[in-house]
């Protein structure tokens, strides 16, 4: 069953153009010129119940605009959206009871209140009876390890603790879909891992569908089974993580420590990435040459140590971004 | 529907309560803010004492009526700025895309956005208003009428600010219009009605309705008039409806932003 259904969605923004200097400012008063920016162009996709989906793209690709249309913050110019069979455009309030949102860059909590008071406030916003909110807080306190700081004002929390509370606050009303817009922005690796665990627990325990945007490849790799890549307002890839890796991982990185120097300059299917005499790093295009052939060229007897790895996902994704640019 | 209104009311009060708690974190600043506002307002009365020592009647008002006028002006300002402080910063909220967090909540966006913080010094204005009422002449009837006009006037001031701020959905830099409109409402509120003639007189009962917020209440409290009373009620309801209508109309044009924002 599709939880999110998007059909031919578009959004344009009108931006006033201004020539430089005072003269330009005066001119723009009497003769304003506008530029239309197509932030999202005719995109369509569906998200199934219980999925953790990564919605990624470079800055200005249209990710946030799309997420804002899905949550009812922005009005689309054309197209249809159904989230849990609700149209965010016409039934914003009804939808709000069913979804949760966390914007990593925007804070929703009252900073002078403790997480506990904040959770109670959010409970009231969603019209949840106080006894149920208390029960929910108890449950989350244990599940997400909030005990240590649940009674400390939010302004005194670390960024990681704060983001954790932001996510928990958005779960008080047990949303069926959670929209996370860069939830791990600015966090250290340990805290990022904590947040990812939290997201996994939510998905597993509460069967929450998760719609995630992030620039952090680790988030995407560790959490999502499906990726939608958006660039210049258009969807350029909508595939499973497995397929993405399978199709784009036709290159292997071979790093070898050699006894003697080897010359691979004119070999077809091999690109030399680094050649420091006895230390060699090459990229093997397995559509042209198998890894074993490449190793044969190096001469196995000549190898002291070898490491074969995949192209990092980060490189794959930036290549997709770049291809689109071309 | 009734339940929805009740829940909305509960959230609005809770929001105001938490915003007040925030202001009270620093007790000294909190109390001095209130006291200095009362003193600040009191200082304006001195010029009227001097004027009334020379003349008994200025612009059709006795000294007592001027006190009442100041009382109503202060309490309506206090009521509006205390409960709806963010109505006066709404154009900034719209321009900088700060409505996002309210739009994802299942509550009225406008009310959530404007009740998100309180102005401490407005408590001083509010208290000052009631001190003036006591000096004017306390009675249960006067107290009820004064409170009623404070609420109506507060709603009118807030609505005007919301309407002007909502222009931000259409034009950039409408904050200048908002500031001008709001300051006109306060600066035209504290002079005897009789000194205004011609166009200004028409304006204060229409576009800049300082007359409806301040002068009609003084007139009703001096001598009750049902017609004038109804005008205040109808005007208040109309303006509130208009504020909601224009804000929600504009909201469709809201363009959000990706600025880093914290709720502090």
Next on the checklist: If I model a spin label at residue A:7 and residue B:202 as a point 7 Å from the Cα along the Cα→Cβ vector, what separation in nanometres do I get?
Outcome noted: 5.4 nm
Checklist entry - What residue among A:68, A:289, A:252 has the largest mean-square fluctuation in a Gaussian network model of chain A, using Cα springs under 10 Å? => result A:289
Checklist outcome for this item: Expected unfolding gain across residue A:291-residue A:279 under the 0.36 nm per residue rule, minus the alpha-carbon gap, is 2.6 nm
Checklist entry - Is there a simple number for the mean count of other chain Cβ atoms within 10 Å of the Cβ of residues in A:117-127, and what is it? => result 4
Checklist entry - Order of A:265-276, A:123-134 by packing, highest average Cβ count within 10 Å first? => result A:123-134, A:265-276
Checklist entry - Between segment B:174-198 and segment A:237-267, what is the C-alpha centre distance in whole Å? => result 73 Å
Checklist entry - Can you pull the three principal axis extents for the Cα set of the protein assembly as shown, in Å, largest first? => result 115, 60, 45
Next on the checklist: Please give the Cα centre distance for segment A:26-102 versus segment B:53-92, rounded to the nearest Å.
Outcome noted: 45 Å
Next on the checklist: From the alpha carbon gyration tensor of segment B:139-253, can you work out the equivalent ellipsoid semi-axes (sqrt of 5 times each eigenvalue) and give them in Å, largest to smallest?
Outcome noted: 27, 17, 11
Checklist entry - Among B:12, A:66, what is the fewest-to-most ranking by other Cβ atoms within 10 Å? => result B:12, A:66
Item to check | Cα point-scatterer Debye curve for segment B:2-251, base-10 log of I(q)/I(0) at q = 0.12 Å⁻¹ | outcome: -0.73
Item to check | Among B:50, B:232, B:109: highest mean-square fluctuation, GNM of chain B, C-alpha pairs under 10 Å | outcome: B:50
Item to check | Sequence of A:215, B:81 once ranked by neighbouring C-beta atoms within 10 Å, starting from the fewest | outcome: A:215, B:81
Checklist outcome for this item: Length gained, residue A:41-residue A:257, 0.36 nm per residue minus C-alpha separation, equals 72.8 nm
Checklist outcome for this item: Averaged over the residues of A:102-112, the number of partner chain Cβ atoms within 10 Å of each residue's own Cβ comes to 6
Item to check | For segment B:214-251 versus segment A:173-227, the gap between their alpha-carbon centres in whole angstrom | outcome: 50 Å
Item to check | Theoretical gain in end-to-end length, residue B:3 to residue B:176 [0.36 nm per residue, Cα-Cα removed] | outcome: 58.4 nm
Checklist entry - Within the protein assembly as shown, what percent of beta bridges assigned by DSSP are antiparallel, to the nearest 5? => result 70 percent
Item to check | Nearest 10 degrees, 0 to 90: helix A:189-205 Cα axis against chain A principal axis | outcome: 60 degrees
Checklist entry - Using alpha carbons only, how many degrees (0 to 90, rounded to 10) separate the axis of helix B:2-23 from the longest principal axis of chain B? => result 80 degrees
Checklist entry - When the gyration tensor of chain A is built from Cα positions, what are the square roots of 5 times its three eigenvalues, in whole Å, from largest to smallest? => result 43, 29, 20
Item to check | Relative contact order %, chain B, counting alpha carbon pairs below 8 Å whose residues are six or more apart | outcome: 26 percent
Next on the checklist: Please list the three semi-axes, largest first and in whole Å, of the ellipsoid equivalent to segment A:250-310, using sqrt of 5 times the eigenvalues of its alpha carbon gyration tensor.
Outcome noted: 17, 11, 11
Item to check | chain A: most fluctuating residue of A:307, A:42, A:203 per GNM, C-alpha cutoff 10 Å | outcome: A:307
Next on the checklist: I'd like the FRET efficiency for residue A:193 and residue B:36, computed as 1/(1 + (r/R0)^6) with the beta carbon distance as r and R0 of 56 Å, rounded to 0.05.
Outcome noted: 0.65
Checklist entry - Using the alpha-carbon atoms, what tilt in degrees (0 to 90, nearest 10) does helix A:21-30 show relative to the longest principal axis of chain A? => result 50 degrees
Checklist entry - Which of the peptides B:114-120, A:45-51, A:69-75, B:185-191 is most tightly packed, and how do the rest follow, judged by the mean count of other Cβ atoms within 10 Å per residue? => result A:69-75, B:114-120, B:185-191, A:45-51
Item to check | residue A:215 paired with residue B:253, simple spin-label distance in nm, labels 7 Å along Cα-to-beta-carbon | outcome: 3.2 nm
Item to check | Pairwise label distance in nanometres, residue A:264 with residue B:139, each label 7 Å out on the Cα-Cβ vector | outcome: 10.2 nm
Checklist outcome for this item: Here the alpha-carbon Rg of segment B:29-172 over 2.2 N^0.38 Å rounds to 1.24
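Taken together, the values in this text are just the output of simple stated rules run on the coordinates, not laboratory data. Note that the structure is predicted; figures quoted are calculated from it, not measured. Ideal geometry is used to build each Cβ from the backbone, glycine not excepted, and the neighbour counts take in all protein chains shown.
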